[in-house]
Structures are given as C-alpha cells and as structure tokens.
Amino acid sequence: MSEAEDFARLMRELKERGGLSYGVLARRLHTSTSTLHRYCNGEALPAEFAVVDRFARACGASAAEAVDLHRAWLLADARRRAGTAAPAPVPAPEPEPPVPAPAPGPAAAAETAVLVVGPAAVAEPGVRPRWYRRRAAVVGAAGLAAGAVAVALLAVTGPDRGAPHAGAGAGPGAATGGPAGSASAAGAAPSEPAAGSATGSAPPSAASAEPTAAPAPSSAPPSAPGQATAAPLRAAVRSHVWAAGCDHAYLSERGPASVPPPPVEADAPAWASAQRAVHAGDQTVEVTLHGTGGGAVVLEGLEVRVAARRTPPAWNVYQMSQGCGGGITPAVFAVNLDAPRPLARPVAGNDAGNRLPAPAFPMRVSAAEPVVLRVAAATTGCDCDWSLDLRWSSPTGSGTLRIDDGGRPLRTSAATGRPVYGYALEQGRWSR
C-alpha cells in the first residue's frame with residue numbers, strides 16, 4: 001500500500017467512525033465535497049497540515065489517532081514531492097580487512113548516517129519505537145533524499161547536529177520562494193551568532209550526535225562558556241499560507257502580460273520564486289513543531305526581529321483570487337512590522353461563529369504532541385526583512401530557535417497605491 005493510500009484509508013476510517021457525511025465535513029473543513037471525496041479516495045492530498053488537523057478534530061479522533069494521521073500525511077506529502085521514481089537497489093557492502101579505529105574527529109563525525117535538512121544534518125537517535133524504524137526504512141528504500149522530502153519527514157527524524165533548516169529561499173532580495181521555510185537555531189552568545197547557530201545552558205552531552213539518554217539535570221557537568229546547544233525541536237515552516245486557502249497577493253516588477261495565471265496555494269512557492277514576487281501587504285507563516293527527544297519541551301515566547309526596512313518597490317500587485325471567503329479565521333500571533341519594536345500579539349480566531357481562543361505561552365511540545373503556530377505579519381509602510389526567535393527550555397538546556405526562510409529572512413512589503421491586477425478566467429489574462 002502506498003503512502004497516499006495509507007493516508008486515505010485512515011481518513012475513511014475516521015470519517016466512518018465519526019458518522020459525518022461528506023457534505024458536513026466539507027463545510028467544517030471549508031472545502032468542497034468533491035475535494036474531500038478525492039482526499040478519502042487517495043486521488044488528492046491536502047496541501048497543508050491545518051486541513052488534516054481540522055479533519056481529525058471534526059471526526060473526534062483521539063490524540064494517538066491524530067498523530068498517526070499527521071504522520072501518514074507527512075509520508076504521503078514526502079512521496080508527492082519526490083515523485084514516483086523507483087527505488088534504486090542498494091548494493092551489499094563488500095567486506096574489508098579490519099583497520100585500527102581512528103581517533104574521533106570532524107571526519108569521523110561526518111560519516112555518521114544522517115538525513116539532510118537544508119544545510120544541516122539530522123542524526124539518528126539512539127533508541128526509537130518500532131514505527132520509527134519501520135517508517136525510516138520505507139523512506140530510505142524509496143530514495144527520498146531531497147531537501148523537500150526531509151522537510152515533510154520532520155516528525156519522524158531525530159535531533160539535529162546543528163541548526164535545523166527546512167527548504168531554501170528564492171535568492172537574495174527575492175520572494176520567500178522555497179517549498180517550505182526553515183527554522184534555524186540561534187542563541188545569545190557573547191558575539192553575534194551566525195545564522196543557524198544555537199546557544200543555551202545544556203551540558204556537553206546534550207549536543208552530541210548520538211545521545212542514548214539525556215543526563216539528569218542534577219548530575220549534568222557545567223557547559224563551557226558560549227557552547228552551542230542543539231535545539232530538541234524540529235520545525236516545518238510554511239511561508240506561503242493564504243487566507244482560507246485561496247486569498248493572497250504578491251508584488252512583482254513584471255508586467256501582466258509576462259505573469260502566468262495564479263497557482264493553487266500548494267504551488268505558490270514555486271510561482272512566487274519564478275516571478276521574483278514578494279508578499280504584498282501581509283504574510284502568514286505557519287510553523288509545525290515537534291520534540292525530538294523522549295521528554296517535553298516548553299515554548300516560552302516568540303520575538304520578532306526586523307533585519308531591514310526599505311522603501312516599498314513600485315511594482316504591480318497580483319491578487320491570487322477575486323475573493324473566496326471562508327467560515328474560519330484562525331487564531332494567530334499578529335505582528336505589525338511598522339512598529340518600532342514589533343511584538344507577536346496573540347489574537348483570537350473565529351470558526352463559524354464559535355470563538356477560537358488566542359494562542360498563549362508557555363506551550364508544551366513533544367514528539368507525540370506537536371504544536372502549530374501561525375504568525376500573521378502586516379505592513380503598510382516598508383519593504384521588510386524579518387524573522388522570528390522562538391525561546392525554548394527543556395531538562396537538557398535552553399535556547400532559541402530561529403524561524404526564517406531557508407536561512408534567509410522572510411520578506412513582506414507594503415503595497416499601498418500600487419496597480420492591482422486580478423486574473424479574469426473568462427478572458428484568460430490579468431486585468432485591472
């Protein structure tokens with residue numbers, strides 16, 4: 001059974017047990033009945049985790065069932081991103097004469113088996129339940145060794161050697177154009193840390209590549225000054241999140257005759273990268289966090305870092321939809337990028353008249369209990385480069401996790417007074 005079929009089977013089982021019709025579920029998911037049919041038949045896959053989460057909640061799934069459904073979606077999404085290439089045969093290693101073991105060093109550490117996530121490496125943990133080993137074997141046999149695949153498998157990989165990254169941007173000064181954003185760990189060393197560095201107060205063993213058990217805090221040796229601490233978190237960042245899955249706008253210097261039709265939300269990163277487009281007016285970033293160890297991690301707060309403010313470019317605005325509506329307004333952390341010191345302010349949401357409570361720190365996250373954060377940033381006066389620092393603490397240490405776009409800042413620009421174009425389907429062109 002393929003990953004997509006396994007995901008569809010879990011959806012059908014939850015739907016049948018929940019006793020809800022396709023029509024009722026479709027309204028709660030804010031999608032069409034035909035689209036939901038395709039999800040449950042394995043003909044299509046949701047483009048974002050939020051749809052999967054709402055489906056599980058609507059069907060009354062338990063915590064364990066929701067995690068299983070999320071894991072199945074991650075694997076199916078990884079397969080979709082990697083294509084359907086047949087797995088290459090793995091040749092058996094030839095025996096070699098024994099040689100003396102070299103002294104530990106950078107070269108020996110580099111030979112440890114890892115999955116690559118952006119520029120960083122993910123080390124295999126010492127002890128994993130059976131489903132971890134079984135899923136890892138399936139993914140390895142399918143040859144899913146691409147950066148986008150590693151992003152989708154964040155829930156089933158182990159802790160980083162260094163800073164976790166997820167995807168890449170479009171290039172300097174371009175739109176946030178990778179298929180997913182990235183989260184890189186950053187901390188407060190005496191000097192300015194490089195992007196992707198982590199600092200904290202964990203003992204040296206907490207930052208090793210292959211820990212078998214976390215040392216008790218009372219017996220942990222003191223860490224060296226300025227020593228880096230690997231964040232016990234994995235973060236999947238989506239920097240192209242549209243309101244209701246259809247409503248968004250981009251700025252591009254290209255004329256309407258040179259811009260292709262608007263994509264669906266799942267294809268927005270590639271479309272924006274090709275047009276060198278920038279988020280116009282506002283940008284929503286979704287971060288899915290998982291713990292990588294056996295214990296829980298406490299998320300303590302979110303800080304906004306604005307790296308640069310420029311005059312907004314005099315480009316055209318391209319609307320992805322003429323208005324699609326939606327019965328849900330998610331709860332978010334709202335950020336005003338024009339403020340001298342922007343803050344992530346909790347804002348409540350609304351689901352068909354039912355209030356959704358505003359998010360609040362501290363939050364608890366573990367391997368079995370993921371947390372999804374949404375940050376909605378807006379500007380009316382600047383072309384802003386920005387990122388987020390997520391403060392965390394655990395029994396093995398504390399630090400911050402940098403949330404950006406593949407190691408590059410997120411970019412959002414004001415669009416007031418710029419020409420606005422919408423796509424006329426009946427005419428097959430952009431028009432004002």
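The values are calculated or read from the model by the stated rules, or taken from the named source; none is laboratory data. Source: prediction; values computed, not measured. Note that we place each Cβ from the backbone using ideal geometry, even for glycine, and neighbour counts take in every protein chain shown.
Tabulated results
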{"quantity": "Given (1) in contact (Cβ under 8 Å) with a residue 24 or more places away in the chain; (2) under 23 Å from V237 (Cα atoms); (3) buried (at least 16 other Cβ atoms within 10 Å of the Cβ), number of the condition L25 does not satisfy", "calculated": "(2)"}
{"quantity": "Among residues of segment 340-365, those that are buried (at least 16 other Cβ atoms within 10 Å of the Cβ), touching a residue at least 60 places away in the same chain (Cβ under 8 Å) and not aliphatic (A, V, I, L, M), counted", "calculated": "0"}
{"quantity": "Residue in segment 52-65 that is among the small types (G, A, S) and modelled with pLDDT under 80 present", "calculated": "no"}
{"quantity": "Filtered residue count, segment 221-242, keeping only those that are at negative phi, out of contact with any strand residue (DSSP E or B) (no Cβ under 7 Å at 6 or more places or on another chain) and at pLDDT below 95", "calculated": "8"}
{"quantity": "Search result, residues across segment 38-49 that are among the acidic types (D, E) and surrounded by fewer than 17 Cβ atoms within 10 Å (Cβ to Cβ)", "calculated": "E43"}
{"quantity": "Candidate set: segment 237-275, residues that are under 20 Å from T379 (Cβ atoms) and surrounded by fewer than 17 Cβ atoms within 10 Å (Cβ to Cβ); chosen: the one farthest from the chain's Cα centre (by Cα)", "calculated": "E253"}
{"quantity": "Selection count where residues are within 14 Å of Y250 (Cα to Cα) and either part of a loop (DSSP other than H, G, I, E, B) or β-branched (V, I, T) (or both), scope segment 404-416", "calculated": "4"}
{"quantity": "Long-range neighbours under 6 Å by Cβ, at least six apart or interchain, first residue under 21 Å from R374 (Cβ atoms) within segment 240-267, second in a strand (DSSP E or B)", "calculated": "V241/T284; V241/E286; A249/A280; A249/V317; A249/Q319; Y250/A280; Y250/Y318"}
{"quantity": "The listed residue being in contact with a strand residue (DSSP E or B) (Cβ under 8 Å, 6 or more places away or on another chain) and part of a loop (DSSP other than H, G, I, E, B), out of G381, G295, G301", "calculated": "G295"}
{"quantity": "Residue under evaluation V332, criteria (1) in contact (Cβ under 8 Å) with a residue 60 or more places away in the chain; (2) surrounded by 19 or more Cβ atoms within 10 Å (Cβ to Cβ), criterion not met", "calculated": "(1)"}
{"quantity": "Residues being within 19 Å of A236 (Cα to Cα) and either in contact with a helix residue (DSSP H, G or I) (Cβ under 6 Å, 6 or more places away or on another chain) or not assigned by TED's automatic domain parsing to the domain that holds L401 (or both) - total across segment 257-288", "calculated": "1"}
{"quantity": "Filtered residues of segment 18-49 (kept if closer than 17 Å to A4 by Cα and either part of a helix (DSSP H, G or I) or in the same structural domain as N350 (by TED's automatic domain parsing) (or both))", "calculated": "T35, L36, H37, R38, Y39, C40, N41, F49"}
{"quantity": "Any chance P261 is in a loop (DSSP other than H, G, I, E, B), in contact with a strand residue (DSSP E or B) (Cβ under 9 Å, 6 or more places away or on another chain) and at pLDDT below 95", "calculated": "yes"}
{"quantity": "Restricting segment 50-71 to residues that are surrounded by 16 or more Cβ atoms within 10 Å (Cβ to Cβ) and not in a helix (DSSP H, G or I), the residue that is nearest to the chain's Cα centre (by Cα)", "calculated": "A61"}
